[in-house]
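One structure is given here, and the rest of the page talks about it.
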Amino acid sequence: MNASKVRTVLSWTLLVLVAAMFAMSALAKLGGRMTEMFAGWGYPAWFATLIGVLELAGAIGLVVPKTLRLAVYGLTVIMAGAAYTHLANGEGAEVLRPIVFAAVMWTGLWLRGRAGSEGG
């Protein structure tokens, strides 16, 4: 397998994995299991639902080639907000999850660009 194909397979593996994680996170928010947590951070109950809808849309966008870049940008904004929320509420270790999610998305996007630039 040539390097371009390896990058393509790796990028899709990373993107599908992080999309699944976002989908699970979104379903927890949409199912109401995180409303109290959001309230504890000072957000209204509807905000958990909004973030859940956006995460689910982003998860779908990560696996659709035409929407990949937009999904990465949008989910990065959400992850920046999550990181801020955890830091502002003294949950320092929790900031790692949004940073890792963002890093995996950006790595997948970068690998997709690299694979495409070599005709793969």
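Since every read-out is calculated from the coordinates, none of them should be taken as a lab result. Since we're looking at a predicted model, the values are computed, not measured. Cβ atoms come from the backbone with ideal geometry, glycine included; neighbour counts cover every protein chain shown.
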Point to revise | Full-extension gain in nm, VAL53 to LYS5, via 0.36 nm per residue minus C-alpha separation | key: 14.0 nm
Study note, to complete from the structure: Taking Cα atoms, the helix 3-30 axis meets the longest principal axis of the chain at an angle in degrees (rounded to 10) of 20 degrees
Point to revise | Where labels lie 7 Å past Cα in the beta-carbon direction, separation of GLU91 and ALA20 in nm | key: 2.4 nm
Check your understanding: What net charge is computed for the residues neighbouring PHE38, neighbours being all others with C-beta under 15 Å from the C-beta of PHE38, Lys and Arg scored +1, Asp and Glu -1?
Key -> -2
Exercise for review: Only Lys, Arg, Asp and Glu count, each charged at its Cβ (+1, +1, -1, -1), so figure out the dipole size of the range 17-98 about its Cα centre, rounded to 20 debye.
Suggested key: 280 debye
Review point. In degrees, nearest 10, range 0 to 90: what is the angle between the Cα axis of helix 45-62 and the longest Cα principal axis of the chain?
Key: 10 degrees
Check your understanding: Under the Kirkwood approximation applied to all pairs of distinct alpha-carbon atoms, what is the hydrodynamic radius of the chain in Å?
Key -> 14.9 Å
**Study point:** Value of Rg to Rh for the range 2-61 (Rh from inverse mean 1/r over Cα pairs, i.e. Kirkwood)
**Key:** 1.21
Exercise for review: Taking DSSP loops as anything outside H, G, I, E and B, show the longest stretch in the chain free of GluC sites (Glu not before Pro) there with at most 16 other beta carbons within 10 Å.
Suggested key: 1-90
Revision key, fill the gap. Per-residue ellipticity at 222 nm attributable to helices in the chain (runs of n ≥ 4 DSSP H, -39500 (n - 2.57) apiece, nearest 500 deg cm²/dmol) works out to -27000 deg cm²/dmol
